[in-house]
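Engineer: One structure coming up, written as structure tokens, with questions to follow.
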Amino acid sequence: MASITGAITEFRQLDLLANGNTSVHRIDARAKVLVTLAFILAVVSFGKYELAALFPFFLYPAVIMALGNLPVRHIARKILVVLPFALMVGMFNPLFDQTVLIRLGPLAVSGGWLSLASIMVRATLTVGAALILVAVTGFPAICHALDQLGMPRIFTVQLLFLHRYLFVLTEEGGRTARARELRAFGKKGLGWRSYGSLLSQLLLRTWLRAERIHLAMLARGFTGEFHPRRTTRFGTRDFLFLAGWSGLFLFFRLVNVSQLLGTIVTGGRG
Amino acid sequence: MHMADALLSPAVGGTMWAASAGAIIYCSRKLRQEMDGGKAPLMGVLGAFIFAAQMINFTIPATGSSGHLGGGLLLAVLLGPAAACITIASVLVVQALFFADGGLLALGCNIFNLGVLPACIAYPFIYKPLVGSAPSTTRITVAAMVAAIVGLQLGAFAVVLETVASGISALPLAAFAGLMQPIHLAIGVVEGLVTAAVVSFVYQARPEIIESVQQARLLGQTPLRKVLALFLGAALLTGGFVSWFASENPDGLEWAIAKVTGAEELAGPEQGLHARLAGFQASIAFLPDYTFKQSGQQPENKAGQESSLGSSVAGVVGGLLTLAMALLSGLFLRRRQRRVA
Amino acid sequence: MSHHIVEVKDLRHVYPDGTEALRTVSFRITHGESVAIIGANGAGKSTLLLHLNGYLATSQGTIRIGDFPLTPATLPEIRRTVGMVFQDPDDQLFMPTVFDDVAFGPLNLGLTGEEVEERVQEALARVGAEHLRDKPPYRLSGGEKKRVAIATVLAMSPDILVMDEPTSGLDPFARRQLMGLLKNFRHTRIFTSHDLDMVVELCERTIVLHEGEVRADGPTLDIFRDEALLAACRLEKPFAMQGCPVCNR
């Protein structure tokens, strides 16, 4: 998150994608949330040295991105941004784990390298799945889905409020930060002291805003109870989506499709 | 630091999810009792505030690098632990979904490390007693500093434990902790300074904000403590179990699946398939020279080692093929989609 | 109907820090009137508005809306009767979509399904914003936000509309559009504004607040002709009533 404006733009783009109207966008949000969870669980449940068996899972993001008409490059860039964090911890694996597990002709691959590769693939898959979920569902719909799935109402309301005021507050914060930068020459004046008082001012303004919002709610008869939005229907298509993908993930989890395919192609005996 | 999905085993991720979900449900219940309508928008906007605050950086003296606010402790001071916990959790959910910070499975860990620990441990047990009933700027500064440092040390150690217990990363506990704890000491000092500055400012500008939280908190103290004790106990227990589990069985779920379903049944479908496809293989094989010392009957045994040894070439070839097929099917669908549109 | 009457008598308000924001403010606004409350920054306009739908409790003096005095018991009814439109629409639009936002009030009134749908549709149509229905508020323009904010209030079918700085932050076109809209409302209307040209166009009556007191209360044009009064209250003539700066007439 280098620049605040960049972050807001990124945020808006993902939000805009959710406005699409493809067959995937129309699936009930609950089905998509559950499929995403099933996907992530299946992916992370593999052993640390497993690599090949993870590849079939790329089918899911590929298909959803295609059906949902998502910009591949955009999603890929967002994934790339976070991969270094996984790399940071994973890169110690080749150091600590040098047992050779695979010999590809002259090439000996240690467990460390194998598990590092596995970590990177896992990261790509899990991070991608989360981004895709937002891009084909939209944040408010995800919140309502979680609400219907039993998340405490207070938390739903909190997530919706947060999402609504993210844009307002990040822009306000961005303006304030810019004002500080414009008057800071070189790095002077960007220390924690000015940061502290900048945050304090921002906080007080935020607090006053919260009071005004509360006032606006009271003015429209708010009595402390949030009324649920019309509930969506969980149709056959949604069920098929959920059952189909979950079934496939289970299959991929139990049967190493890569291995199977490789064995067939190379003619090795199972 | 955010925990990432890729480093988590499902057992650890699931445990932490359960812990954090429990914390959120508990905090929601508690909030519902004390909720005066105004708290909902306040929590929402303060969450957005934390978000904005994290995007603004400041230079850390003498290092040249930059830092930003974490915010868990600050929110606890402003809102009380329950509301703070929920607010932080919501910020983490948004970060996981929109910025892929951490990931969805790691969300449980992150809510626990960055929300529950500072708001429900560092605030009530360190900050509050240190500040006492008559806050002054000095007291606020000292309390915020100590509480922030302890909170972050706990959080960092939790990350270490979760990572090591998951067993995906090969980092040994001592090495990882030796790396994480000092870094987070520095981060904790900075967090403490900023928190103290903001709290002191608010205390001078709007003293009623902080006083109201302090009074409100007196009511629900005992149950919170009890729950926390329970909570910690459960965490330690599962943590111990999981780490033992991880060391005995590097692949926990594998073992669990084998226990639940019986290993033979698991291997069954593959064998059946193999048998049927056996005739096929000779004719379509394009790398027939390779032979494998395949261990055979159990495609995935305890460590998944021998089998992957034996079948590595097939794995590589098949993996690449599968990957290509997965991506191609996406490409194909996209083309078709375009044509329809 | 006597429902639409706003009567304020000897209202006084002191903030906890000791600032006396209002001292003995009295006026009476009757059915269908369109009244501007103007005054310099810090004259007490906002404090007065906060009293009108009971956000600030009256410590001294009384407020009557329609037939009821403002008391905790009558508060819900009065909040329905008096529709408040805030200066910053971002404060007023807090739900995920325009629809949800406009439906917020009716749902709180206990309406359900079809009725809510109807109310929302009607309110959005009234401000010409039907096409914005499913949009999230942060993707609206300033003018659109303002109109939707008004719709959220209209959906409560209020008798009295109170608007804080309705034209602030709008571009000339959006401002013109909004004024056209407000002109056609039949409600009793109370505006606070620094946009004095808008006041001239929309309000037949003006109340001037100065340092927490009503300094003048009368026909808008009379007030703006009183240069001594305007100067004393840190105000000036609307541009429409000033001479032409180019030809000096």
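Engineer: What are the residue pairs meeting all of these: first residue in segment B:139-165, first residue in contact (Cβ under 8 Å) with a residue 12 or more places away in the chain, second residue small (Gly, Ala, Ser) and open to solvent by 40 Å² or more (accessible area, probe 1.4 Å), Cβ atoms under 7 Å, and 6 or more apart or on different chains?
Structural biologist: Note: pairs meeting the criteria are B:VAL164/B:SER243; B:ALA165/B:SER243.
Engineer: How about segment C:95-105: which of its residues are over 19 Å from A:HIS214 (Cβ atoms) and not polar (S, T, N, Q)?
Structural biologist: Listed by number, the residues that qualify are C:VAL98, C:PHE99.
Engineer: For segment A:134-151, indicate whether the set of residues that are open to solvent by 10 Å² or more (accessible area, probe 1.4 Å), closer than 24 Å to B:GLY47 by Cβ, at the interface with chain B (Cβ under 7 Å from one of its Cβ atoms) and touching a helix residue (DSSP H, G or I) at 6+ places or on another chain (Cβ under 7 Å) is non-empty.
Structural biologist: No, because not a single residue in segment A:134-151 is open to solvent by 10 Å² or more (accessible area, probe 1.4 Å), closer than 24 Å to B:GLY47 by Cβ, at the interface with chain B (Cβ under 7 Å from one of its Cβ atoms) and touching a helix residue (DSSP H, G or I) at 6+ places or on another chain (Cβ under 7 Å).
Engineer: Moving on. Just one of the numbered conditions (1) buried (at least 20 other Cβ atoms within 10 Å of the Cβ); (2) in a helix (DSSP H, G or I) is not true of A:MET88; which one?
Structural biologist: (1)
Engineer: If C:THR81 satisfies all but one of (1) closer than 30 Å to C:ARG28 by Cβ; (2) open to solvent by less than 30 Å² (accessible area, probe 1.4 Å); (3) within 10 Å of chain A (Cβ to nearest Cβ), what's the number of the condition it fails?
Structural biologist: Every condition holds for C:THR81 apart from (3).
Engineer: Working only within segment B:90-116, note down all residues that are at the interface with chain A (Cβ under 7 Å from one of its Cβ atoms), open to solvent by less than 10 Å² (accessible area, probe 1.4 Å) and in contact (Cβ under 8 Å) with a residue 60 or more places away in the chain.
Structural biologist: Of everything in segment B:90-116, just one residue is at the interface with chain A (Cβ under 7 Å from one of its Cβ atoms), open to solvent by less than 10 Å² (accessible area, probe 1.4 Å) and in contact (Cβ under 8 Å) with a residue 60 or more places away in the chain, namely B:GLY103.
Engineer: Scan segment A:242-270 and report the pairs whose first residue is facing chain B (nearest Cβ under 9 Å) and closer than 19 Å to B:ALA324 by Cα and whose second residue is modelled with pLDDT of 85 or more and not in a helix (DSSP H, G or I), with Cβ atoms within less than 7 Å and a gap of 6+ or a chain change.
Structural biologist: Going by the 7 Å Cβ cut-off, the qualifying pairs are A:ARG253/A:SER45.
Engineer: More than 19 Å from C:VAL214 (Cβ to Cβ), in contact (Cβ under 8 Å) with a residue 24 or more places away in the chain and open to solvent by 50 Å² or more (accessible area, probe 1.4 Å) - does that describe any residue in segment C:42-61?
Structural biologist: No, there is no match, as no residue in segment C:42-61 is more than 19 Å from C:VAL214 (Cβ to Cβ), in contact (Cβ under 8 Å) with a residue 24 or more places away in the chain and open to solvent by 50 Å² or more (accessible area, probe 1.4 Å).
Engineer: Something else about it: Kindly indicate whether any position in segment A:173-183 is at the interface with chain B (Cβ under 7 Å from one of its Cβ atoms), farther than 30 Å from A:PHE234 by Cα, open to solvent by 10 Å² or more (accessible area, probe 1.4 Å) and without any contact (Cβ under 8 Å) to a residue 40 or more places away in the chain.
Structural biologist: No, segment A:173-183 has no match at all.
Engineer: Tell me which helices (runs of 4 or more DSSP H) are completely within segment C:129-219 and hold 1 or more residues being under 25 Å from A:THR170 (Cβ atoms), or say none if there are none.
Structural biologist: Answer list for segment C:129-219: C:142-154, C:172-183.
Engineer: Restricting attention to segment A:45-72, which residues are closer than 22 Å to A:VAL109 by Cβ and within 18 Å of the chain's Cα centre (by Cα)?
Structural biologist: Correct list: A:PHE57, A:PHE58.
Engineer: Look through C:ASP197, C:ASP164 and report the one residue that is open to solvent by less than 70 Å² (accessible area, probe 1.4 Å), under 25 Å from C:ARG79 (Cα atoms) and modelled with pLDDT of 90 or more.
Structural biologist: The conditions single out C:ASP164.
Engineer: Residue check: is A:ILE64 at the interface with chain B (Cβ under 7 Å from one of its Cβ atoms) and buried (at least 16 other Cβ atoms within 10 Å of the Cβ)?
Structural biologist: Against the criterion (at the interface with chain B (Cβ under 7 Å from one of its Cβ atoms) and buried (at least 16 other Cβ atoms within 10 Å of the Cβ)), A:ILE64 does not qualify.
The values are calculated or read from the model by the stated rules, or taken from the named source; none is laboratory data. The structure presented is a predicted model; accordingly, all values stated were derived computationally and were not measured. All Cβ positions, even for glycine, are placed from backbone atoms using ideal geometry, and neighbour counts span all protein chains on display. Ligands, DNA and RNA are excluded from the accessible area calculation, which covers all protein heavy atoms including side chains. Shrake-Rupley method; radii C 1.70, N 1.55, O 1.52, S 1.80 Å.
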